[in-house]
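The values are calculated or read from the model by the stated rules, or taken from the named source; none is laboratory data. These numbers were taken from a predicted model, which means no experiment stands behind them. Here Cβ is always computed from backbone atoms with ideal geometry, including for glycine, and neighbour counts include all displayed protein chains. Only protein heavy atoms, including side chains, enter the accessible area calculation; ligands, DNA and RNA are left aside. Shrake-Rupley method; radii C 1.70, N 1.55, O 1.52, S 1.80 Å.
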Amino acid sequence: FFLIAIVNLVRRRRLLERHALLWLLTFVVVAVSPAFVPLLDNLAHTLGILYPPTLYLLVAIFFLMANGLRNTIQISRLSEQNRRLTQELALIRHETARLEKRGAPGDE
């Protein structure tokens with residue numbers, strides 16, 4: 001279901017391919033991770049985590065934080081770009097209005 005939903009979002013251009021790849025990678029990791037439960041349990045004990053499922057939650061929290069940070073950076077960049085474009089548009093409109101008031105050369 002998840003794979004179909006991601007492909008459908010990309011097909012309808014509601015999700016960019018680069019973002020879809022991140023979600024598909026996440027899906028693959030979640031789908032394959034049960035095969036590595038003994039390895040992850042050993043890693044949890046090596047790290048001093050007494051309850052191994054806590055490691056899974058810790059990894060998920062870090063992933064969500066990294067994804068949130070990436071999204072925040074993109075939103076900040078787009079907001080700044082939007083502000084600059086709005087300012088440039090305002091300047092162009094102002095200059096156009098000024099030229100229209102003054103009259104175009106050759107209108108006499």
## Note on the structure
A convex hull over the alpha carbons of the chain yields, per residue, a volume in Å³ of 144 Å³
### Message
Taking a ≥ b ≥ c as the square roots of the Cα gyration tensor eigenvalues, with a/c under 1.5 meaning rounded and otherwise prolate when a/b beats b/c, else oblate, which class fits the stretch 10-72?
### Response
oblate
### Query
Where is the GNM fluctuation largest for the chain (alpha-carbon springs, 10 angstrom cutoff): I61, I49, I92?
I92
### Summary
CD proxy, 222 nm, the chain: helix-only mean residue ellipticity via -39,500 (n - 2.57) per DSSP H run with n ≥ 4, per residue, nearest 500, stands at -27500 deg cm²/dmol
### Query
Which is the longest run of the chain containing none of the trypsin sites (Lys or Arg not before Pro) found in DSSP loop states (not H, G, I, E, B) with at most 12 other C-beta atoms within 10 Å?
15-108
### Task
Between H19, H94, H45, find the one with the highest GNM mean-square fluctuation for the chain; connect C-alpha pairs within less than 10 Å.
H94
### Residue-normalised accessible area of the chain, expressed per residue, 1.4 Å probe, Å²
86 Å²
### Message
Suppose every Lys and Arg Cβ carries +1 and every Asp and Glu Cβ carries -1, with no other charges. What dipole size does the chain come out with about its Cα centre, to the nearest 20 debye?
### Response
220 debye
### Message
Is the C-alpha gyration tensor of the stretch 58-106 telling us rounded, prolate or oblate? Criteria: a/c under 1.5 is rounded; beyond that, a/b larger than b/c is prolate, otherwise oblate.
### Response
prolate
### Summary
Scoring the stretch 1-88 by relative contact order with C-alpha pairs under 8 Å, at least six apart, yields a percentage of 14 percent
